[in-house]
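Trainee: Structure below; questions to follow.
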Amino acid sequence: MSGYLLKNCEAVVLDEGAGPQVHRNIDLLIVGPAIVAAGPDLEATHSMDGIATVKADGWFVYPGLVNTHHHFFQTFVRNRADLDWTKLSVIEWLDRIYPVFSRLTEECFYHSSVTAMSELIKHGCTTTFDHQYCFPRHAGKRIIDRQFEAAELLGMRFHAGRGGNTLPKSEGSTIPDEMLETTDEFIADCARLIDSYHDGSQFSMRQVAVAPCQPVNCYRETFVESVALARDRGVLMHTHVGEGESPVIEARHGMRTVDYCAELGFAGPDAFYAHCWELAHDELSKMAADGTGVSHCPEPVYLVGAEITDIPAMSALGVRVGLGCDGAASNDNSNLMHCVHSAYMLQCLVASTRQHPVPEPVEFFCQATSGGASLLGRNDIGRLAPGMAADLFAIDTRRMDYVGTRHDPLSLLAKVGIGMPTDLTMINGRIVWSQGEFTGLDEAKLFADAEAALATVEF
């Protein structure tokens, strides 16, 4: 059995079920995929061969971040000033961006996944959900298979949201024909992926969710069949809700999106929605009552320039909230650590206009850790404690960046922000990133391969 003994950590954020607490000057013992012990002056016992001691002086050690919404493929559509959506509605912007997405190849989907997950890992993310809804016909159906391949390469704990779009543009969607699937195609591939990859066991590295892209771009039957499959197989459901589409759904179906999804059964403790910035208090109350969660993606909110997601109301009402990066078309990075700081600052901007006060900085940290674990239906990740997965990151705080901040590790991520890669990221007891390098991988080659794949596509 192999493992690590992190010696003399400056601070470790532990949570044994009563919320995060800072423990100073302690050690952390990891054996295999799990944390075994936390406390001062720990030693590996003689029966534990292969335990490596790691000096952790000056380190703040945190639970790994949990990313609950992303679109990895969009890392190949970054830094495009010509695709500015600040002057467009979300629906108008989708009309402009989807034809660009439809040109990607299978190799692009693989290398963009490696690109996104690499950046996530560098910045402390240890579990990620990706909402892969782009299936151009020429790229085939094995796109998510290649994503699992990328996750295995990097050692990332990966939840795949199999998305899809079924409503033609001629009937009011924003989807080019090249990206359309039938409901039967979509459901069949969801079932294939669940059978091939989904692992519901403790410390699982691979899970699958049924995730039709969004109600405005899918037939009603697509959501009905999604609910039936997900409930039959015991997997999660995910989609986009409350990002400017509610008036369209109301015109089509006579109700706003939250009520529409609830009527179809696409709601409850096994469902979570991305965004939700335009939702009213009564809609949030319904979601709190039925257990539907929210993946809050703060960075796209800056681009929309309209409603700012009412996180204080969600917190007050008891809505389950996690954080997500969102795709690079609306957030040009894959840095969930940065999103923790953005989420907090965004709420401060409108604090004087809100009915409820801005949550404490630590709550935003919790949304990115235990909150994300809740959305993904996991009770083995999202916090550090004996018996939990050894998913963590460490920051050496003996730098000028942290002078005056080290008295409060819990508020640091949200209030100050971490502006550099971690010193160490560990996933499932394995060090995957340390001192500026990916363990066992050549970052220069990963970069060259991704750039070569990108160069094959004409935008």
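Trainee: Restrict the check to region 192-203 and report whether at least one residue is open to solvent by less than 10 Å² (accessible area, probe 1.4 Å), on the phi < 0 side of the Ramachandran plot and in contact with a helix residue (DSSP H, G or I) (Cβ under 8 Å, 6 or more places away or on another chain). Reasoning before the result, please.
Mentor: Of the residues in region 192-203, the ones open to solvent by less than 10 Å² (accessible area, probe 1.4 Å) are 193.
Restricting the remaining residues to those that are on the phi < 0 side of the Ramachandran plot gives 193.
Among the residues that remain, those that are also in contact with a helix residue (DSSP H, G or I) (Cβ under 8 Å, 6 or more places away or on another chain) are: 193.
Yes.
Trainee: I'd like the full set of residues that are hydroxyl-bearing (S, T, Y) and either touching a helix residue (DSSP H, G or I) at 6+ places or on another chain (Cβ under 6 Å) or not in a loop (DSSP other than H, G, I, E, B) (or both), limited to region 1-38.
Mentor: Selection gives Y4 alone.
Trainee: Also, quick follow-up: Report, by residue number, each residue of region 408-440 that is open to solvent by 50 Å² or more (accessible area, probe 1.4 Å) and farther than 19 Å from P20 by Cβ.
Mentor: Of everything in region 408-440, those that are open to solvent by 50 Å² or more (accessible area, probe 1.4 Å) and farther than 19 Å from P20 by Cβ turn out to be G419, P421, R430, Q435, E437, T439, G440.
Trainee: Ok, one more. Working only within region 88-106, note down all residues that are at pLDDT below 85 and touching a Lys or Arg at 6+ places or on another chain (Cβ under 8 Å).
Mentor: Hit for region 88-106 is L88, nothing else.
Trainee: If I ask for residues that are out of contact with any Ser or Thr (no Cβ under 6 Å at 6 or more places or on another chain) and open to solvent by 30 Å² or more (accessible area, probe 1.4 Å), which ones from region 215-235 would you list?
Mentor: R220, V224, A228, R231, D232, R233, G234
Trainee: Give the number of residues within region 276-303 that are aliphatic (A, V, I, L, M) and buried (at least 21 other Cβ atoms within 10 Å of the Cβ).
Mentor: Of the residues in that region, 5 qualify.
Trainee: Go through the residues of region 402-411 one by one and say whether even a single one is touching a residue at least 60 places away in the same chain (Cβ under 8 Å) and farther than 30 Å from D57 by Cβ.
Mentor: no
Trainee: Also, I was wondering about something else. Report yes if A389 is in contact with a Phe, Trp or Tyr (Cβ under 7 Å, 6 or more places away or on another chain) and at pLDDT 95 or above, otherwise no.
Mentor: Yes, satisfied.
Trainee: For region 95-117, give me each residue that is of a type in the set (V, I, T) and either open to solvent by less than 30 Å² (accessible area, probe 1.4 Å) or closer than 13 Å to V457 by Cβ (or both).
Mentor: Within region 95-117, I97, V100, T105, V114 qualify.
Trainee: Could I ask something else about it? Within region 441-453, track down each residue that is surrounded by 19 or more Cβ atoms within 10 Å (Cβ to Cβ) and either over 29 Å from I395 (Cβ atoms) or of a type in the set (K, R) (or both). So that I can check it myself, show each step before the final result.
Mentor: Step one: filter region 441-453 for residues surrounded by 19 or more Cβ atoms within 10 Å (Cβ to Cβ), giving 450, 453.
A453, the sole residue that qualifies.
Trainee: If you don't mind, there's one more thing I want to ask. Inspect region 265-279 for any residue being of a type outside the set (D, E, K, R), part of a helix (DSSP H, G or I) and in contact with a helix residue (DSSP H, G or I) (Cβ under 7 Å, 6 or more places away or on another chain) and give the result as yes or no. Explain how you work it out, then say what you get.
Mentor: The initial filter retains those residues of region 265-279 that are of a type outside the set (D, E, K, R), namely 265-269, 271-277, 279.
The next check asks that each one be part of a helix (DSSP H, G or I); those that pass are none.
Checking region 265-279: not a single residue is of a type outside the set (D, E, K, R), part of a helix (DSSP H, G or I) and in contact with a helix residue (DSSP H, G or I) (Cβ under 7 Å, 6 or more places away or on another chain).
Trainee: Across region 285-308, what is the number of residues that are over 17 Å from the mean Cα position of the chain (by Cα) and not in a helix (DSSP H, G or I)? Steps first, answer last, please.
Mentor: Taking region 285-308 first, the residues over 17 Å from the mean Cα position of the chain (by Cα) are 285-291, 302-308.
Among the residues that remain, those that are also not in a helix (DSSP H, G or I) are: 291, 305-308.
Count: 5.
Trainee: Any chance you could count how many residues in region 59-78 are closer than 30 Å to Y402 by Cβ and among the hydrophobic types (A, V, I, L, M, F, W, C)? So that I can check it myself, show each step before the final result.
Mentor: Step one: filter region 59-78 for residues closer than 30 Å to Y402 by Cβ, giving 59-70, 75, 78.
Narrowing further to those that are among the hydrophobic types (A, V, I, L, M, F, W, C): 59-61, 65-66.
Adding up the residues that qualify gives 5.
Per-residue answers, yes or no, for (1) within 20 Å of L279 (Cβ to Cβ); (2) open to solvent by 30 Å² or more (accessible area, probe 1.4 Å):
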{"residue": "V340", "(1), (2)": "no, no"}
{"residue": "V350", "(1), (2)": "yes, no"}
{"residue": "V362", "(1), (2)": "no, yes"}
{"residue": "R398", "(1), (2)": "no, yes"}
{"residue": "V403", "(1), (2)": "no, yes"}
{"residue": "R406", "(1), (2)": "no, yes"}
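Trainee: Another question about this same structure. Mind telling me which of the residues A81, A150 ends up being without any contact (Cβ under 8 Å) to a residue 40 or more places away in the chain and more than 16 Å from G324 (Cα to Cα)?
Mentor: A81
Trainee: Quick one: in region 1-52, of everything that is polar (S, T, N, Q) and at pLDDT 95 or above, which residue is nearest to A385 (Cα to Cα)?
Mentor: Taking region 1-52 as the starting set, the residues that turn out to be polar (S, T, N, Q) are 2, 8, 21, 25, 45, 47.
Right, trim to at pLDDT 95 or above and you get 8, 21, 25.
Details: N8: 17, Q21: 11, N25: 16 Å.
So the residue we want is Q21.
Trainee: Among the residues of region 41-84, what is the count of those that are under 22 Å from H123 (Cβ atoms) and in contact with a Ser or Thr (Cβ under 7 Å, 6 or more places away or on another chain)?
Mentor: Here the count works out to 14.
Trainee: Now for a different question. Are any residues in region 407-459 in a helix (DSSP H, G or I) and under 27 Å from L14 (Cβ atoms), and if so, which ones?
Mentor: Answer for region 407-459, where residues must be in a helix (DSSP H, G or I) and under 27 Å from L14 (Cβ atoms): P409, L410, S411, L412, L413, A414, K415, V416.
Trainee: Just checking, does region 79-94 include any residue being of a type in the set (F, W, Y), in contact with a Phe, Trp or Tyr (Cβ under 6 Å, 6 or more places away or on another chain) and open to solvent by 10 Å² or more (accessible area, probe 1.4 Å)?
Mentor: Yes, because at least one residue in region 79-94 is of a type in the set (F, W, Y), in contact with a Phe, Trp or Tyr (Cβ under 6 Å, 6 or more places away or on another chain) and open to solvent by 10 Å² or more (accessible area, probe 1.4 Å).
Trainee: Please identify the pairs in which a residue from region 109-128 that is free of Cβ contacts under 8 Å to residues at least 40 places away in the same chain has its Cβ atom under 7 Å from the Cβ atom of a residue that is aromatic (F, W, Y) and surrounded by 24 or more Cβ atoms within 10 Å (Cβ to Cβ), counting only partners at least 6 apart or on another chain.
Mentor: Sorted first by the residue in region 109-128, then by its partner, the pairs are F109/F73.
Trainee: Then there is this: Here is a list of conditions, (1) open to solvent by less than 10 Å² (accessible area, probe 1.4 Å); (2) farther than 12 Å from H71 by Cα, and F129 meets all of them except one; can you say which number that is?
Mentor: Of (1) open to solvent by less than 10 Å² (accessible area, probe 1.4 Å); (2) farther than 12 Å from H71 by Cα, only one is false for F129: (2).
Trainee: Oh, and also: So R383 clears everything in (1) under 22 Å from Y4 (Cα atoms); (2) charged (D, E, K, R); (3) surrounded by fewer than 17 Cβ atoms within 10 Å (Cβ to Cβ) except one condition, right? Which one?
Mentor: (3)
The values are calculated or read from the model by the stated rules, or taken from the named source; none is laboratory data. Here the structure is a predicted model, which is why all the values come from computation and not from measurement. Virtual Cβ from ideal backbone geometry, glycine too; neighbours counted across all protein chains shown. What goes into the accessible areas is simple: the full protein's heavy atoms, side chains included, and nothing from ligands, DNA or RNA. Shrake-Rupley method; radii C 1.70, N 1.55, O 1.52, S 1.80 Å.
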